[in-house]
Ligand SMILES: Cc1cc2nc3c(=O)[nH]c(=O)nc-3n(C[C@H](O)[C@H](O)[C@H](O)COP(=O)(O)OP(=O)(O)OC[C@H]3O[C@@H](n4cnc5c(N)ncnc54)[C@H](O)[C@@H]3O)c2cc1C
């Protein structure tokens, strides 16, 4: 078994990996040449197209390879090792494939998916605008219907492959109605072809990296787009954009991993030949630590992304993992590249080795296709809704240990009558267990039992007497409660709340 396959790979996937790795190894030198000459790697893009790899995600009936998420990851991981080609490949294959699969009509699939699969032209994803970045729903480029056509006006920017791509999967605003905006029903997806009158290239960004990949501003000046180029229903562009998002984040993560793959052999090669203080630098523990750090994170990243790919192949939508991979792996790759520079010292900083280029590109991966901050926002949102992570972790006072411990036992107050005295006791007792925390109404109800409405009524009465304080949610409902000092005093004597470690002398208590 190759060192790069996993036990769950099928024989076909193992063979695919062998084949694509060989293809990439054979073409690495050519890719490097295009970077150093600052030339678009067209001949290499054509070669990738001839091999059929642009159709990795496209069903066979449209001329694709239908490789599934794992197969696509295998291809993308390797192709990303071909400088510039990997970036253009990714933008081109992600620019509409899943969107067409989910929302395209039969004719649209036949037309566009077969063009993606053929790979003799490039595609682009056209979302970002001068005034619209992370908040992609804010697109301002407009499209107004005129007979069987849409008239598009506006600007897009940061478009990978903008200028050299032939088809642009573009998201435009088709409603000004605030109700539609609120429901995310104000965006429509259109495919716009290069050469359409009024559709022009405005600027090519000089970036920190991607030395031979154009990253562009595009201008739309009364661009007439036939309605047959609309993908999905009018106003449903947001759903179209979201289609395949987990797959796209996975491919973004995989694309980053590929970049680390070639750093590792270079570091072993280099440090075994570099002598300082009368020893090769490979013998210096600090250098070994750095390389170990890169190797371990690289290997863990691969297990993670191929696990996500398997989940997608099994019909799951692993949103939490896809965003985690996009964030963590881009950070790891940037970290790995800068560690690699440190290991190689001054040589690492020169353009005579590819590390500095990978380091520059790695920084891009923390911003393009959704910033790390946005991924973390998504991770928090999804994780906070998962039952697995969102269940009460109740501590109960253990009288034998005289200590709060995590426990599934019923509260000592369970079954008592729900009245002011008992509810206050429950809340005041919680001060003894978790002095700094509020209780939710559900915590109180779990402890004492009884009717929810009755408990809320008791909260209001206790609040009127200044025995508890409440914290309300945005709708004004009581979300948290805590005893006031008055309430604590009323519920139990001061000694009830006291606790001292065994070693603490009585003489020092007061
Ligand atoms: C090299 C490159 C290639 C790209 N390719 C394409 C492409 O092909 N097609 C395309 O449409 N777009 C493309 N983009 C655009 C890319 O998707 C955006 O750059 C990215 O989504 C961030 O938008 P922004 O740059 O406008 O930053 P902003 O959205 O302005 O963000 C600025 C900072 O604020 C943070 N921030 C924003 N909102 C929040 C929030 N709610 N919470 C916490 N932090 C927040 C961001 O994380 C970031 O740190 C590309 C970008 C680059 C750099």
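None of the figures in this text is laboratory data; all of them are computed from the coordinates on show. Given the structure is predicted, the values throughout are model-derived calculations rather than measurements. Every residue, glycine among them, receives a Cβ derived from its backbone with ideal geometry; neighbour counts consider all protein chains shown.
Worth a mention:
- Cα→Cβ-extended label distance, 7 Å offset, between residue 457 and residue 3, nm: 7.3
- Entry note, region 284-416: relative contact order of 20 percent, from Cα contacts under 8 Å with a spacing of 6+ residues.
- Summed over all non-identical Cα pairs, the Kirkwood treatment of the chain gives a radius of 26.8 Å.
- Distance cut-off 19 Å, percentage of C-alpha pairs in region 385-510 lying past it: 51
- Sum of -39500 (n - 2.57) over DSSP H runs of 4+, divided by residues of the chain (222 nm, nearest 500): -14000 deg cm²/dmol
- Estimated FRET transfer efficiency when R0 is 22 angstrom, pair residue 319-residue 234 (beta carbons, to 0.05): 0.25
- Relative contact order (percent, whole number), region 227-361, Cα cutoff 8 Å, 6+ residue spacing: 30
- Each residue in 112, 7, 238 was given a count of other beta-carbon atoms within 10 angstrom of its own, and listing them fewest first yields 7, 238, 112.
- Using bins of 5 Å that start at zero, the share of Cα-Cα pairs per bin across region 305-386 amounts to 3, 15, 19, 16, 16, 11, 9, 6, 3, 1, in whole %.
- Normalised contact order of the chain, rounded percent, pairs of Cα under 8 Å and 6 or more residues apart: 10
- Above 28 Å, the calculated P(r) of region 245-384 contains 25 percent of its Cα-Cα pairs.
- Put a dot 7 Å past the Cα of residue 479, heading toward its Cβ, do the same for residue 26, and the two dots end up 6.0 nm apart.
- Per-pair calculated FRET efficiency, R0 = 56 Å: residue 153 and residue 440 via Cβ, rounded to 0.05: 0.65
- Tail beyond 20 Å, pair distance distribution of region 175-334 (Cα, percent): 70
- Stretching the chain fully between residue 413 and residue 221 yields a gain of 62.0 nm (0.36 nm per residue, less the alpha carbon separation).
- Per-bin percent of Cα-Cα distances, region 1-121 [5 Å]: 2, 12, 22, 22, 18, 14, 8, 3, 0
- For residue 272 and residue 36, the FRET efficiency from 1/(1 + (r/R0)^6), where r spans their Cβ atoms and R0 equals 25 Å, is about 0.45.
- Summarising the strand pairing of the chain, around 85 percent of its internal DSSP beta bridges are antiparallel.
- Mean Cβ neighbour count within 10 Å, used as a protection proxy, ranking 214-220, 474-480, 187-193, 174-180 highest first: 187-193, 214-220, 174-180, 474-480
- Normalised by 2.2 N^0.38 Å, where N is the number of residues, the alpha-carbon radius of gyration of region 123-243 equals 1.01.
- Length added when fully stretched, residue 497-residue 279, from 0.36 nm per residue minus Cα-Cα: 72.1 nm
- In this simple spin-label model, placing a label point 7 Å from the Cα along the Cα-to-Cβ direction at both residue 177 and residue 307 gives a separation of 4.5 nm.
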